[in-house]
1. Is it the case, given these coordinates, that E47 is assigned to a loop (DSSP other than H, G, I, E, B) and on the phi < 0 side of the Ramachandran plot?
2. Need a quick list: strands (runs of 3 or more DSSP E) entirely within segment 64-148 having at least 3 residues that are modelled with pLDDT of 85 or more and surrounded by 11 or more Cβ atoms within 10 Å (Cβ to Cβ).
Amino acid sequence: MTATAPPNAQPTFPTVLPADILGRLAALKITPTPDLKQEWRELFGKEPPAFNRPYLVSRLTYRIQELAYGGLRPETRTRLEALGEQLDGGNVVLRRIRADGRPLPGTRLLREWHGVEHAVTVLADGFDWEGRPYKSLSAIARAITGTRWNGWTFFGLRQRTGL
């Protein structure tokens, strides 16, 4: 007979010793992506998101330090949530929209062009397409099509006008 955890039981996470942090963080840089995803499962207790490798590494870096030193104090977390409520009135939809209209970092934009699907990942300071950074979606659209496009229109973030 095997024991199963109660349905509302909190997952347990491995202990990370402060002395182990530097080695673990350095190892993340050379760890293959499938292994990063497995580490995500162990440290977060859920499936990893379908984001790019730099995102996984940055979140794992934070999580390792959080497990070693502790996360935000409850008072800090409560204060941040209250500030967020002031900005968006508790509207979860608004919370996912940036004030400047750009998609949130980590968002994946998909576009099929001549039977080939192209995926672009939104970064904090630009975009990633095929492992290369770009400053604009228009540059990516031009690389894909060979002609000048408005990148926001090409990826469906803005409707074409004058049609």
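The values are calculated or read from the model by the stated rules, or taken from the named source; none is laboratory data. As the structure is a computational prediction, the values presented were derived from the model and not from experiment. Glycine also receives a Cβ, built like all others from the backbone with ideal geometry; neighbour counts cover every protein chain displayed.
1. Here the answer is yes, as E47 does meet what is asked.
2. 108-113, 116-123, 126-129
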